[in-house]
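Data first, discussion second: the structure below is written as structure tokens.
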Amino acid sequence: NQFSMVMFPALKGINESSQKKYYVFFSKVLNIILPALLILYFPIQIVLKKWLPQYEISIYYFGLLLPLCISNGRMQLLNNTYLKVLRKEKLLLYLNIIIVVINVVTTMISVYVFKSMVAIIISLVFVTWLRNMISELYLSKILDARIKGQLMDFILMLLFITALIDRNNIYFTVLFIAYYILFLFYNRSGF
């Protein structure tokens, strides 16, 4: 929140071509930095499980919530700020209302059909990613800025969640790490 409050007046005072340039730059930076938090979870959770074994289930749920935090962070840092700079608050309102409705539906399905806390968290992650993707696609169109990697970002989060859910299978963890390296190479262009 603090970063976006500082960024808003700075972006408001520059011309459209500079706004586009900064949007592409910040998007690429966030594509590198935020998913790194996912990769850091694995060594951190090993240390925390050894240090605080009684909190193993809390550490597990923290891992499931991490993609949600990353999507929300990206939305707050970049997309909300740019939608406000471009005076698209009404669009932001409509988008949030649609996402709340989708979230209520997916949460009800998770609670009453699957009866699973993990299903609730996964539905929250999906809905948050959907909000982020829709706003990014809209901003890319308005700013005429080609932003790549939304599908790769979704696959990365899906692999991360799968690696967490299937904790006994090292295959998904190795697959996630390999895909993350591929994700980094794909997103490093332009730096």
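The values are calculated or read from the model by the stated rules, or taken from the named source; none is laboratory data. Bear in mind the structure is a predicted one, so any value in this text is a computation, not a measurement. As a convention, Cβ positions derive from the backbone with ideal geometry for all residues, glycine included, and neighbour counts pool all protein chains shown. Only protein heavy atoms, including side chains, enter the accessible area calculation; ligands, DNA and RNA are left aside. Shrake-Rupley method; radii C 1.70, N 1.55, O 1.52, S 1.80 Å.
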Top-ranked residue in region 136-149 [being touching a residue at least 12 places away in the same chain (Cβ under 8 Å) and open to solvent by less than 30 Å² (accessible area, probe 1.4 Å); ranked as nearest to Asn31 (Cα to Cα)]:
Gly149
Restricting the search to region 15-38, which residues are in contact (Cβ under 8 Å) with a residue 60 or more places away in the chain, under 18 Å from Leu151 (Cα atoms) and open to solvent by 40 Å² or more (accessible area, probe 1.4 Å)?
Lys28, Ile32
Name the one entry in Lys49, Lys90, Lys12, Lys84 that is open to solvent by less than 70 Å² (accessible area, probe 1.4 Å), over 12 Å from the mean Cα position of the chain (by Cα) and not acidic (Asp, Glu).
Lys49
Condition test on Tyr179, is it over 12 Å from Trp129 (Cβ atoms), open to solvent by 20 Å² or more (accessible area, probe 1.4 Å) and modelled with pLDDT of 85 or more?
yes
By residue number, the members of region 82-141 that are closer than 24 Å to Asn1 by Cα, in contact with a Leu (Cβ under 8 Å, 6 or more places away or on another chain), at pLDDT 95 or above and β-branched (Val, Ile, Thr) are Ile99
